[in-house]
């Protein structure tokens with residue numbers, strides 16, 4: 001099993017450009033989440049989903065859109081990139097329930113210039 | 001709202017012990033602990049559930065005080081491999097919403 005796969009691993013964008021960070025998991029997990037990691041800020045939740053067709057905002061949703069059309073995929077869209085969105089982005093998935101561990105992808109390092 | 005971790009950083013010598021604390025202003029159903037090595041993804045350590053017992057494996061254990069909405073991670077007889085950033089994650093009333101603290105950087109020296 002591949003687990004959680006994020007693409008791309010690295011990306012440089014110009015201010016105002018749009019792009020989609022891809023996240024796919026092959027564990028049939030209902031729960032999926034996107035986090036951004038900045039120095040000293042820890043992992044901050046952007047958006048999360050508890051199943052296909054169901055998404056909700058996390059702590060820092062502004063500037064990001066998500067959709068969940070299948071159980072396997074949870075893409076994160078930046079409509080108009082800003083330098084403040086320079087960060088490392090992690091996607092995570094886990095099975096339903098409160099006693100299930102989260103599996104993380106390897107991250108996408110995004111730089112907006 | 002993110003849970004609050006303390007301390008922000010810890011420096012140890014091999015064999016010393018450490019405690020990392022995590023507190024939340026919300027009623028919690030579960031607390032997760034993860035460790036992240038530099039340049040890598042976070043990796044699961046353990047989960048503590050409301051009403052559950054203290055957990056542990058090897059020399060790493062954790063407790064969960066439901067009344068105070070606090071959890072502590074205990075690392076005993078630290079090893080070089082324990083170095084990394086430790087995150088607590090909390091889940092309250094919103095299922096599927098796992099929120100992490102700002103992390104505690106643990107450095108173990110020979």
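In the set A:23, A:91, only one residue is at pLDDT 95 or above, surrounded by 17 or more Cβ atoms within 10 Å (Cβ to Cβ) and more than 26 Å from residue B:28 (Cβ to Cβ); that residue is A:23. Only residues that are modelled with pLDDT of 85 or more and either touching a helix residue (DSSP H, G or I) at 6+ places or on another chain (Cβ under 7 Å) or in a strand (DSSP E or B) (or both) were counted across segment B:56-69, and they come to 6. Residue A:64: away from chain B (no Cβ under 13 Å) and buried (at least 16 other Cβ atoms within 10 Å of the Cβ), yes or no? It is true that residue A:64 is away from chain B (no Cβ under 13 Å) and buried (at least 16 other Cβ atoms within 10 Å of the Cβ). Here residue A:99 fulfils each of the conditions (1) closer than 23 Å to residue A:2 by Cα; (2) surrounded by fewer than 20 Cβ atoms within 10 Å (Cβ to Cβ); (3) away from chain B (no Cβ under 14 Å) apart from (3). If the condition is being buried (at least 18 other Cβ atoms within 10 Å of the Cβ) and either under 26 Å from residue A:56 (Cβ atoms) or within 13 Å of chain A (Cβ to nearest Cβ) (or both), then segment B:56-69 contributes B:64, B:69.
Listed here are the residues, each with its yes/no results for (1) surrounded by fewer than 12 Cβ atoms within 10 Å (Cβ to Cβ); (2) within 8 Å of chain A (Cβ to nearest Cβ); (3) at pLDDT 95 or above.
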| position | (1), (2), (3) |
| --- | --- |
| B:10 | no, no, yes |
| B:14 | no, no, yes |
| B:18 | no, no, yes |
| B:23 | no, no, yes |
| B:33 | no, no, yes |
| B:41 | no, yes, yes |
| B:47 | no, yes, no |
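How many residues are more than 14 Å from chain A (Cβ to nearest Cβ) and under 19 Å from residue B:30 (Cα atoms) if we restrict to segment B:72-110? Selection size over segment B:72-110: 3. Where strands (runs of 3 or more DSSP E) sit wholly within segment A:5-91, those with at least 2 residues that are touching a residue at least 40 places away in the same chain (Cβ under 8 Å) occupy A:10-13, A:19-25, A:31-38, A:42-51, A:76-78.
Kindly establish whether residue B:53 is more than 10 Å from chain A (Cβ to nearest Cβ), modelled with pLDDT of 95 or more, assigned to a loop (DSSP other than H, G, I, E, B) and surrounded by fewer than 17 Cβ atoms within 10 Å (Cβ to Cβ). For residue B:53, the condition - more than 10 Å from chain A (Cβ to nearest Cβ), modelled with pLDDT of 95 or more, assigned to a loop (DSSP other than H, G, I, E, B) and surrounded by fewer than 17 Cβ atoms within 10 Å (Cβ to Cβ) - is not met.
The values are calculated or read from the model by the stated rules, or taken from the named source; none is laboratory data. Note that the structure is a prediction, hence the values are computed from the model and not measured. Heads up, the Cβs are rebuilt from the backbone with ideal geometry, glycines too, and the neighbour counts pull from every protein chain shown.
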